[in-house]
1. Quick one: check the C-alpha center-to-center distance for the range 73-126 versus the range 14-46, whole angstrom.
2. Give me the percent of accessible area attributable to carbon and sulfur for the chain, probe 1.4 angstrom.
3. Over all alpha-carbon pairs in the range 8-105, figure out the percentage whose distance exceeds 23 Å.
4. Could you count how many Lys pairs in the chain have their Cα atoms under 28 Å apart, skipping same-chain pairs fewer than 8 positions apart?
5. Report the equivalent ellipsoid semi-axes for the chain in whole Å, largest first, defined as the square roots of five times the eigenvalues of the gyration tensor built from alpha carbon atoms.
6. Give me the Å³ per residue figure for the convex hull around the C-alpha atoms of the range 1-59.
7. Taking the Cα centre of the chain as the origin and placing charges on Cβ (Lys, Arg +1; Asp, Glu -1), which of Ile87, Val112, Ile101 is farthest toward the positive end of the dipole?
Amino acid sequence: SIWTTLNVGIWLAYDKASMLMALWAPIELFSVLLFILNFAFIYLFIKKTSIPRWLPISSFVLLAPIIFTLPTKFNITGYDLGECIAIEYQPLQTYVLFLKIFISLATILLAVYGYIKNKDKILRSQIRSLCLGTIIFLTTFFIAGYVSEETGNYSYEFYGIFGMVFFVRILINLIVRFKMFGLKVITGQILVI
């Protein structure tokens, strides 16, 4: 939600350089955080335990370069008035790209591990559905962001959101078909939506 709000804000503030810069600066942090939270979600679903201590610590270590460069020229180096876009620091963008690839591969490996390890057919079906939705979501999100960065046409980023619709559809299927989450969780989600 934060990433989407920032992205919509960028499109609405295209003619206000200071507002655009303020919205653009943290967007990669929330983009990478989305990948990390998806990994954590799959981990919790497969392991059925609490989050291990290593996950938030390693997440912070991976996010530290992004967090500490947010208000500096090592994140946003300037503003292109002709294109109405921020000029991003390329080494940080390369780091973000490799971080997203690394977390995506870790998520896929975790999903495959969970699928192979569990022998219960219902649980395997749930893992397969959830992981398929997650992989499609992250892949469309990643590809749309990558194409936007490479072409300079940031309207492609909106196509990444279509993967989110597919992911939510699979979650609804898991909730209805397998009663995956309890009533309290569903009620809380409805209030959030």
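The values are calculated or read from the model by the stated rules, or taken from the named source; none is laboratory data. Small disclaimer: the values here were computed from a predicted structure and weren't measured. Note that we place each Cβ from the backbone using ideal geometry, even for glycine, and neighbour counts take in every protein chain shown. With ligands, DNA and RNA removed, areas are computed over all heavy atoms of the protein, side chains included. Shrake-Rupley method; radii C 1.70, N 1.55, O 1.52, S 1.80 Å.
1. When both Cα centres are located, 10 Å separates them.
2. The value for the chain is 72 percent carbon and sulfur by accessible area.
3. Of all Cα-Cα pairs in the range 8-105, 35 percent lie more than 23 Å apart.
4. Count of close lysine pairs: 19.
5. Working: eigenvalues 217, 68, 44 Å².
With the √(5λ) rule applied to the chain, the semi-axes are 33, 18, 15 Å.
6. 75
7. Val112
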